[in-house]
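As structure tokens, the structure follows; a few thoughts come after it.
All of the numbers you see were taken from the coordinates with simple rules; none came from a lab. Keep in mind the model is a prediction, meaning the values are calculated, not measured. Positions of Cβ are backbone-derived with ideal geometry, glycine not excepted, and every protein chain shown enters the neighbour counts.
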Amino acid sequence: MVSFEQALNKLANYCSRAERCIYDVRRKLEVWEIAKDEQNKIIRRLQQEKFLDESRYCRAFVNDKSKYAHWGVYKIKYALKKKQIPDELIREALENLDPEENREQLRQLIERKRKTVKGKNEFEIRQKLMRFAVGRGFAMEEAEKVLSVIFFC
């Protein structure tokens, strides 16, 4: 079992290496079998000392998943909801995404994927690319616009 001070120090170190959310920290605390009231004290302390900030985490998560993992808005939103981030913070972080940059990213993804997709005809290839784009979290309407440009339809 981990003591209060040990848990606090370990989590401060954990949070200082990368942005974390309360959900991630609470999971660690539960694995260490820390009582609920002590969990809350540790989380409050980490927030007071600026090791833990949900808003900062949310902005970093949106930025990283959009730029580096090439996720769409819907996939990012779903992942943040799974981590129990408040809707207001998700909305604020997603507002910072540039729609034009997002569309260009989708275009590049689809063009790259197009080289590896096989199908009997253009319709089948297009459907596979649509599923790919939607699976990456992009809006179906957005994917359709990009596919129309790529296939000149």
What residues qualify as long-range amide H neighbours of Arg20, i.e. H under 5 Å apart, gap of 5 or more or another chain, H built at 1.01 Å from N?
Asp53
Mind giving me the nanometre distance, one decimal, between the label points for Tyr78 and Glu101, set 7 Å out from Cα along Cα→Cβ?
2.3
Of all alpha-carbon pairs in the stretch 4-48, indicate the percentage at a distance above 16 angstrom.
20
Extension gain from Ala60 to Glu33, taking 0.36 nm per residue of separation minus the Cα-Cα distance:
6.8 nm
The Rg/Rh figure for the chain, Cα atoms and Kirkwood Rh, to two decimals is 1.15
Could you tell me which of the pairs Lys65/Lys120; Lys28/Lys67; Lys41/Lys83; Lys36/Lys83; Lys41/Lys81 are separated by over 26 angstrom between their Cα atoms in the structure shown?
Lys65/Lys120; Lys28/Lys67
Based only on other Cβ atoms within 10 Å, what is the fewest-to-most ordering of Phe51, Phe4?
Phe4, Phe51
Which FRET efficiency value, to the nearest 0.05, do you get for Phe151 and Tyr68 by plugging their Cβ-Cβ distance into 1/(1 + (r/R0)^6) with R0 = 35 Å?
0.80
